[in-house]
Amino acid sequence: MTPREAAITLNLIPGLGPVRVMRLMQVFASPELVLEAPASMLMDIPGIGAQLARHISRSLTPPIPPPCAS
């Protein structure tokens, strides 16, 4: 994922506005590192609760496709 794609991904996360993104960027320095961080580290940032931290950390996880009906 490019830095631009990571920044776009961050900005598309519901509940993660510009102030929270700025706080995350001050700690992690790049959008890619924010997305790669475990939820436990994200929760150390003011304004990032457990639910939002899990949502951020799952943003890079591809959805599991439904099983094929055979």
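A few notes on this one:
- Rounded percent of accessible protein surface that carbon and sulfur make up, the chain, 1.4 Å probe: 63
- Charge tally in the Cβ shell below 13 Å around residue 38, where Lys, Arg are +1 and Asp, Glu are -1, residue 38 excluded: 0
- Dimensions in Å of the chain - Rg and Dmax from alpha carbons: 13.2, 50
- Probe 1.4 Å, protein heavy atoms only - accessible area per residue of the range 5-63 in square angstrom: 60
The values are calculated or read from the model by the stated rules, or taken from the named source; none is laboratory data. Note that the structure is a prediction, hence the values are computed from the model and not measured. Note that each Cβ is placed from the backbone with ideal geometry, even for glycine, and that neighbours are counted across all protein chains shown. Note: accessible area is taken over every heavy atom of the protein model, side chains too, but ligands, DNA and RNA are not part of it. Shrake-Rupley method; radii C 1.70, N 1.55, O 1.52, S 1.80 Å.
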